[in-house]
Amino acid sequence: MVYLIKDIITYLENLAPTAYQESYDNAGLIVGDAQAEVKGIICSLDVTEEVVQEAIEKKCNLIVAHHPIVFGGLKQLTGKNYVERTVIAAIKNDIAIYAIHTNLDAVSQGVNRKIAEKIGLLNPQILAPKKGIVTKLTTFIPKGEEDAVLNELFEAGAGNIGNYSNCSFKSEGTGSFLPKEAADPTIGEKGKLTSVEETRVELIFPSHLEHKIIQTLKNVHPYEEVAYYLQVLENKNQDVGSGMIGRLPEPLEGKDFLFYLKSSMNLKVLKHTAISNKKVEKIAVCGGAGVFLLNQAKRSGADVFITSDIKYHEFFDAENSILLTDIGHYESEIYTKELLKDILSRKFSNIATYLTNVITNPISYL
Ligand SMILES: [Zn+2]
């Protein structure tokens, strides 16, 4: 079985749609030809010149990374810094670079789920679910044809709520219309006011699927002109958002938890605020720079918030009401490469997929 780079991209973006990336991000195919055949994949947190070199040695032509090598745009490509040199080396050697960044942070099976798993958190949930990414479709289908239409819409990705699929609501009523001269009505005649027993169908879908859902509706609906309404909902999507929160199997003393965290995440060092006498059980996590979620973590009743890139003054904001700990950006996200390798090798078992051996952390500890 031959796979093209675009097949890998389609699969990854089905799990973590690029529509979920933050506005400042640059996730997606950064270097390379999506039509090229995949010979081998390297999974990495970062892309550096060393990772490109490793790809050459391992005969891989695709690097799937969490952090985009090109973030703020490139104005020249002369090799004056590591970003340009990495991109040039990739292009010269026909190596594609794909980044799956804040979109992988945002999904419930992404970066933070992996951290929750490493710490052994039970029942991890999204800490700050995203709003405005669910749309409701209302449409009107002649009686007896509603299931055929609904099944196609479910197939296209509509009607999923949490652990339930095929969710919809139906109510019966009468639709009326008057076909104009140029019309070609399925039911009724030109120039005649027509009433039809119709079923009003309501169901939701992820907003980024709008084009696909509406195309599907138009293709399968029996009418020449399909009546429908779309409403972007205020509802939060519980499966998409920032950070995660879960419970330890049993409460631990703060200090014991921090030692446990060090060993389970393989940390050399961590920074933390004062440890109180209260045992800790509810743990919030956010890989990378996540201190913007501190208040959300407090509101959710977390005893500990684990993230990275916390500034001096931001530690004060913990106000001793939560144990805030900075475990390092690289350390918080390094297991993302394992997550990517697992996802890819499960689906594309005949493609050689490797974890990078390069330690891309630019920070050393003395
Ligand atoms: Zn990061």
So GLY301, is it within 16 Å of the ligand (Cβ to nearest atom) and of a type outside the set (A, V, I, L, M): no
Could you say which residue among LYS136, LYS114, LYS143, LYS130 is open to solvent by 60 Å² or more (accessible area, probe 1.4 Å) and either within 19 Å of the chain's Cα centre (by Cα) or charged (D, E, K, R) (or both)? LYS143
Selection from region 339-366 of residues that are in a strand (DSSP E or B) and either touching a Pro at 6+ places or on another chain (Cβ under 6 Å) or of a type outside the set (Val, Ile, Thr) (or both): ALA352, TYR354, LEU355
I'd like to check something: does region 151-167 contain any residue that is free of Cβ contacts under 8 Å to residues at least 12 places away in the same chain and either among the charged types (D, E, K, R) or within 27 Å of ALA34 (Cα to Cα) (or both)? no
Residue list for region 57-66, filter: open to solvent by 10 Å² or more (accessible area, probe 1.4 Å) and touching a helix residue (DSSP H, G or I) at 6+ places or on another chain (Cβ under 8 Å): ASN61
Subset of region 246-265 (residues that are under 16 Å from PRO124 (Cβ atoms) and open to solvent by 70 Å² or more (accessible area, probe 1.4 Å)): ARG247, PRO249
Determine the pairs where a residue that is closer than 22 Å to TYR20 by Cβ, located within region 87-114, has a partner that is aromatic (Phe, Trp, Tyr) with Cβ atoms under 8 Å apart, the partner being 6 or more residues away or on another chain. THR102/TYR20; ASN103/TYR20; ALA106/TYR20; VAL107/TYR20; LYS114/TYR335
A careful count of residues in region 1-38 that are open to solvent by 20 Å² or more (accessible area, probe 1.4 Å) and among the hydrophobic types (A, V, I, L, M, F, W, C) gives 10
Could you grab the pairs with beta carbons closer than 8 Å, sequence gap of 6+ or different chains, first residue in region 1-25 and of a type in the set (Lys, Arg), second one in a loop (DSSP other than H, G, I, E, B) and open to solvent by less than 70 Å² (accessible area, probe 1.4 Å)? LYS6/ALA34
Looking at region 281-296, can you tell me whether even one residue there is of a type in the set (Val, Ile, Thr), more than 24 Å from the chain's Cα centre (by Cα) and either more than 14 Å from the ligand (Cβ to nearest atom) or open to solvent by 10 Å² or more (accessible area, probe 1.4 Å) (or both)? no
Quick one: which of LYS143, LYS136 is farther than 17 Å from THR336 by Cβ, in contact with a Ser or Thr (Cβ under 7 Å, 6 or more places away or on another chain) and away from the ligand (no atom under 16 Å from the Cβ)? LYS143
I'd like the full set of residues that are open to solvent by less than 30 Å² (accessible area, probe 1.4 Å) and either without any contact (Cβ under 8 Å) to a residue 40 or more places away in the chain or part of a helix (DSSP H, G or I) (or both), limited to region 70-80. GLY79
I'd like to know if region 205-215 contains one or more residues that are part of a strand (DSSP E or B) and touching a helix residue (DSSP H, G or I) at 6+ places or on another chain (Cβ under 6 Å). yes
Output yes when any residue across region 220-234 is assigned to a strand (DSSP E or B), within 16 Å of ILE141 (Cα to Cα) and not hydroxyl-bearing (Ser, Thr, Tyr), and no when none is. yes
Can you find a residue that is in contact with a helix residue (DSSP H, G or I) (Cβ under 8 Å, 6 or more places away or on another chain), surrounded by 12 or more Cβ atoms within 10 Å (Cβ to Cβ), modelled with pLDDT of 95 or more and not polar (S, T, N, Q) anywhere in region 168-177? yes
Just for region 307-366: of the residues that are of a type in the set (A, V, I, L, M) and free of Cβ contacts under 8 Å to residues at least 60 places away in the same chain, which one is nearest to VAL269 (Cα to Cα)? LEU366
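Results for (1) away from the ligand (no atom under 15 Å from the Cβ); (2) buried (at least 21 other Cβ atoms within 10 Å of the Cβ); (3) of a type in the set (S, T, N, Q), shown as yes or no for each residue.
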site	(1), (2), (3)
GLY40	yes, no, no
VAL47	no, yes, no
GLU50	yes, no, no
ALA55	yes, yes, no
PRO68	no, yes, no
TYR82	yes, no, no
ILE100	no, yes, no
LEU104	no, yes, no
GLY110	no, yes, no
Which of the residues spanning region 324-366 are of a type in the set (Phe, Trp, Tyr) and open to solvent by 20 Å² or more (accessible area, probe 1.4 Å)? TYR330, TYR335, TYR354, TYR365
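The values are calculated or read from the model by the stated rules, or taken from the named source; none is laboratory data. These numbers were taken from a predicted model, which means no experiment stands behind them. No Cβ is skipped: glycine too gets one built from the backbone with ideal geometry, and neighbour counts run over all protein chains shown. In case anyone asks, the SASA skips ligands and DNA or RNA and just uses the protein heavy atoms, side chains included. Shrake-Rupley method; radii C 1.70, N 1.55, O 1.52, S 1.80 Å.
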